[in-house]
Amino acid sequence: MIKLFLLMILVSLLTFISCQQKGDQGMSFADGYEIRVVREDLTKKAIQINEKYILVAPAPKPFIEKTPEDEEEEYIIPGDIIAQAQIEGSGQPGNVYEDYFSSIEISPEIAPVKIVLVLRAPKYNATGEEQSMMRITHSPRTGRNNHIEIETSEGKRRLYLNSDGTLSREIDTDNLEYNPFGEVNQMKPGGKGIEFVSTESEILVSGKASYHLRVTDTRLGRMVFDATLAVLPD
């Protein structure tokens with residue numbers, strides 16, 4: 001009896017295990033089917049996206065006419081040029097550039113003239129780098145002001161640069177733009193430059209002149225600018 005009872009228990013266990021395995025197999029088949037369905041759905045969506053954005057030729061972009069590169073603006077010096085200089089420097093703050101202009105012959109006719117100083121910065125410096133905005137600082141301290149010195153019938157005449165675009169024999173403290181901390185003129189590289197015109201007439205005996213200028217650039221890098229002296233009939 002005991003053996004028969006044990007045999008029946010063994011058969012029942014085997015039957016239970018077999019049923020459980022079949023149930024697990026059925027569940028794994030169902031899970032696999034669901035995974036395949038999801039994959040097929042994602043594949044269809046991917047194909048639709050490819051057909052819409054990749055396999056179809058893109059719409060032509062609207063034609064935009066290319067504008068030419070900015071050209072340096074020409075600056076026509078009024079009157080007769082009497083002296084010129086190309087000035088190079090480091091652009092560090094407080095730098096003073098002082099030297100002689102390259103003298104050009106002037107008319108032998110003795111007549112009073114107005115003097116014009118034009119400062120202009122090329123768009124690119126001597127090494128081909130694009131230049132930044134330059135500042136001409138007018139310091140009120142004696143001997144540190146921007147000025148030019150030129151030979152006149154009354155001897156060497158020092159003319160001071162004022163921030164309102166004038167050249168005066170004295171430091172113009174009545175200038176509305178003047179203040180004790182100094183004023184600044186901006187010089188755009190590639191632009192037409194800035195000019196300073198004498199407030200009084202002078203009789204020149206030669207085109208020899210010197211300059212004393214404080215110029216820095218906004219990036220404090222290497223820089224180059226041109227200085228030109230011209231005369232206008234009074």
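Structure summary
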item	result
Residues of the range 203-234 satisfying the condition of being hydrophobic (A, V, I, L, M, F, W, C) and over 20 Å from the mean Cα position of the chain (by Cα)	Ile203, Leu204, Val205, Ala209, Leu213, Ala227, Leu229, Ala230, Val231, Leu232
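A quick yes/no check of all residues on (1) in contact (Cβ under 8 Å) with a residue 40 or more places away in the chain; (2) farther than 15 Å from Arg135 by Cα; (3) open to solvent by 20 Å² or more (accessible area, probe 1.4 Å):
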{"position": "Gly190", "(1), (2), (3)": "yes, no, no"}
{"position": "Glu195", "(1), (2), (3)": "yes, no, yes"}
{"position": "Ser198", "(1), (2), (3)": "yes, yes, no"}
{"position": "Ser201", "(1), (2), (3)": "yes, yes, yes"}
{"position": "Thr228", "(1), (2), (3)": "yes, yes, no"}
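The values are calculated or read from the model by the stated rules, or taken from the named source; none is laboratory data. Being a predicted model, the structure only gives us computed values, none of them experimental. Backbone-built Cβ (ideal geometry, glycine too); neighbour counts: all protein chains shown. Calculation scope for accessible area: heavy atoms of the full protein, side chains included, ligands and nucleic acids excluded. Shrake-Rupley method; radii C 1.70, N 1.55, O 1.52, S 1.80 Å.
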